[in-house]
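Following: one structure in structure tokens, then a few remarks.
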Amino acid sequence: MTDLTPYKSKVSFWSSSRPIAPFLPYSPGLLLYPSLDIFDKISTINSHLYLSGLQAITPKRLQNYGVTLLISIMPGTLPEDILSQVTTHVQVPVEDIEFTNLGIHFDALADRIAQEARRGGRTLVHCMAGVSRSASIVLAYLIKYQKMSLAEAYDRVRSIRPCIQPNLGFWRQLIAYEEVRRGTTSMWVGPNAMPFLPFPRTMSSGLQWNHPTTSRRPRFRKHWSIVDNY
């Protein structure tokens, strides 16, 4: 059988002269944070909220961090020695794919984290890697209860756990959630942007309308793409 090679477009969507940005495989944790050490750590978001992947969770660590509520955003059964260390275990058995409707759980899980904090408990939110699903829940909590914009929440969590990166579907759901909670949006995903590169609105300042109008490039387009910066 003849080897198949990926098709490479020689023309940018927005330009007839600039090459298109190279395609990179979507593996956000590895692409954005090449050191794997972070995946073996529990990240402290604040005094009552933690974020991690599954491999970082041990009975000893749960005990040391004083975790009372464990929220698992993934399918599968956790070991009994882990579950026995927490008072309550909540599981949302969803896959990390673009079409998963994680947004329907944002309010309920954010409320549950806040409720646990009010009673003096501590919550650990995890998924398989602590990159996409669980990070999305933490971002939703910060938007609702810490009154942060999505951009502020993302900057905050990423400064603590650099590998976080919700998938494209979760980004869209978070953006919609921010608009519902705050009446505005601080981030969006451009039409040509990689799933792991949403841009704060401030990044497009001076760049949003800097190309001549053509039949394929409308003057008042509302998105800026990384391709446009090549």
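The values are calculated or read from the model by the stated rules, or taken from the named source; none is laboratory data. The shown structure was predicted, so the numbers you read here are calculated from the model rather than taken from an experiment. Note: ideal-geometry Cβ built from the backbone for every residue, glycine included; neighbour counts use all protein chains shown.
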Single unsatisfied condition, Ala151 versus (1) hydrophobic (A, V, I, L, M, F, W, C); (2) farther than 21 Å from Thr100 by Cα; (3) modelled with pLDDT under 95; (4) part of a loop (DSSP other than H, G, I, E, B): (4)
In the range 56-81, the residues that are in a helix (DSSP H, G or I) and either touching an Asp or Glu at 6+ places or on another chain (Cβ under 6 Å) or buried (at least 18 other Cβ atoms within 10 Å of the Cβ) (or both): Ala56, Pro59, Leu62
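In the range 38-52, which residue that is of a type in the set (A, V, I, L, M, F, W, C) and in a strand (DSSP E or B) is surrounded by the most Cβ atoms within 10 Å (Cβ to Cβ)?
Checking each candidate, the answer is Leu51.
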Cβ-Cβ under 8 Å pairs, at least 6 apart or on other chains, the range 167-179 side of a type in the set (Lys, Arg), far side not in a helix (DSSP H, G or I): Arg172/Val189
Filtered residue count, the range 132-155, keeping only those that are buried (at least 18 other Cβ atoms within 10 Å of the Cβ) and farther than 23 Å from Pro59 by Cβ: 15
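One line per residue, one yes/no per condition, for (1) farther than 22 Å from Ile57 by Cβ; (2) part of a loop (DSSP other than H, G, I, E, B); (3) among the charged types (D, E, K, R); (4) without any contact (Cβ under 8 Å) to a residue 12 or more places away in the chain:
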| position | (1), (2), (3), (4) |
| --- | --- |
| Pro93 | no, yes, no, no |
| Phe99 | yes, yes, no, no |
| His126 | no, no, no, no |
| Gly130 | no, yes, no, no |
| Ile164 | no, yes, no, no |
